[in-house]
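Input: a single structure, listed below in structure tokens.
The values are calculated or read from the model by the stated rules, or taken from the named source; none is laboratory data. Note that the coordinates shown come from a computational prediction; the quantities given were computed from them, not determined experimentally. For neighbour counting, all protein chains shown are included, and Cβ atoms are generated from backbone atoms with ideal geometry for every residue, glycine included. Heads up: the accessible areas ignore ligands, DNA and RNA and are worked out on the full protein's heavy atoms, side chains in. Shrake-Rupley method; radii C 1.70, N 1.55, O 1.52, S 1.80 Å.
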Amino acid sequence: RGPIDPTNFDHLVRLSELIRSMADLGTLQPEFGIICGSGLGAIADQMEGARILPFSEVPGFPQPSVIGHKGNLVFGRIGGHFCMCLQGRFHPYEHKMDMALCTMPVRLMALLGVRTMIVSNAAGALNGDFQTGDLMVIKDHIFLPGLSGYSPLLGISDPRFGSRFVSLHNAYDKELRKKAMSLGRQMKVPLREGIYVMNAGPQYETAAECSLIARMGGDAVGMSTCHEVTVARQCGMRVFGFSLITNCSSVDSDEPVEVSHAEVLEVAAKGGALASKWMAELIRQISEK
Ligand code: ADE
């Protein structure tokens, strides 16, 4: 009842309880929370006993406006483990940089019991060794909007959300990265590891911007993920992230390469099936402790 304020902890507690009852979860706690990137929603389609809540039925959830993002909250089992999946995400460029709104699903995941977040995205390669279709395990990120005043932690002062000055060391859990790399090699996944850079978008980067981002240490660039990971760490969740490389960016203004969302979706659809298999196997293995 009434509007949901994503910076109000009590509102989010009540919303998490509502979601729990809408999805008929009882006392079930999802262990893993998955955020699917553009065209990477296939993992949710593989969930056993899926319970689907369209975003349109969840109070406070906007409808995704980006093609390739379905807009469902899906609960179900992957490899025997109860998981929740965000089939579609909220990009800051869709919501006038309202970072608290865009990260609300991450805070809800934590309130529902999620301890490990797996996040994926479609990204453009800046590293000249990368090819389209490669999967890049995210080793660390450069959150350009976060460095310039668009942090999802702005205005969050209730200590129940976690520490205000969140340390982002080991943001992408080293142990999970190692497991994912060795599993990916066994499964013959075209694997890379690198630094993800977030451009607020929605415009793609100029060649000069790609050159800058490459020189600052970026291997891939996209328009999501960093705000979600920042909040997941504030909530104390472990994080694993990967990018599906959908296009290779030019760093030469005289040899520019056009990027199109249709191309991004086409490559993501092709690579999505293998990525989903790898993720499902990873979930099976990382829970076997
Ligand atoms: N998503 C896919 N490719 C991208 C790029 N080059 N820049 C930003 N987001 C992307």
Legend entry - Hits in the range 1-35 - residues which are within 25 Å of ARG164 (Cβ to Cβ), part of a loop (DSSP other than H, G, I, E, B) and touching a helix residue (DSSP H, G or I) at 6+ places or on another chain (Cβ under 7 Å): ILE4, ASP5, PRO6, THR7
Inset, instruction - Residue by residue through the range 170-189, note down the ones that are hydroxyl-bearing (Ser, Thr, Tyr) and open to solvent by 30 Å² or more (accessible area, probe 1.4 Å). - result: SER182
Inset, instruction - Please indicate, with yes or no, whether at least one residue in the range 216-228 is within 15 Å of the ligand (Cβ to nearest atom), more than 30 Å from PHE9 (Cα to Cα), in contact (Cβ under 8 Å) with a residue 40 or more places away in the chain and touching an Asp or Glu at 6+ places or on another chain (Cβ under 7 Å). - result: yes
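Here is a yes/no grid of residues against (1) among the aliphatic types (A, V, I, L, M); (2) within 26 Å of SER148 (Cα to Cα); (3) assigned to a helix (DSSP H, G or I):
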position: ARG192; (1), (2), (3): no, no, no
position: VAL197; (1), (2), (3): yes, yes, no
position: GLY218; (1), (2), (3): no, yes, no
position: VAL267; (1), (2), (3): yes, no, yes
position: GLY272; (1), (2), (3): no, no, yes
position: GLU281; (1), (2), (3): no, no, yes
Legend entry - Near pairs, Cβ below 6 angstrom, 6+ apart or cross-chain, from the range 97-122 (among the polar types (S, T, N, Q)) to any residue that is part of a strand (DSSP E or B) and within 16 Å of the ligand (Cβ to nearest atom): SER120/PHE242; ASN121/GLY222; ASN121/SER243
Inset, instruction - Give the residues of the range 51-72 that are of a type in the set (Gly, Ala, Ser) and either within 22 Å of ILE4 (Cα to Cα) or loosely packed, with under 15 Cβ neighbours inside 10 Å (or both), sorted by residue number. - result: SER56, GLY60, SER65, GLY71
Inset, instruction - Tell me which residues, restricted to the range 166-200, are over 22 Å from LEU101 (Cβ atoms) and of a type in the set (A, V, I, L, M, F, W, C). - result: LEU176, ALA180, MET181, LEU183, MET187, VAL189, LEU191, ILE195, VAL197
Inset, instruction - For the range 101-114, enumerate the residues that are open to solvent by 10 Å² or more (accessible area, probe 1.4 Å) and closer than 11 Å to HIS227 by Cβ. - result: LEU101
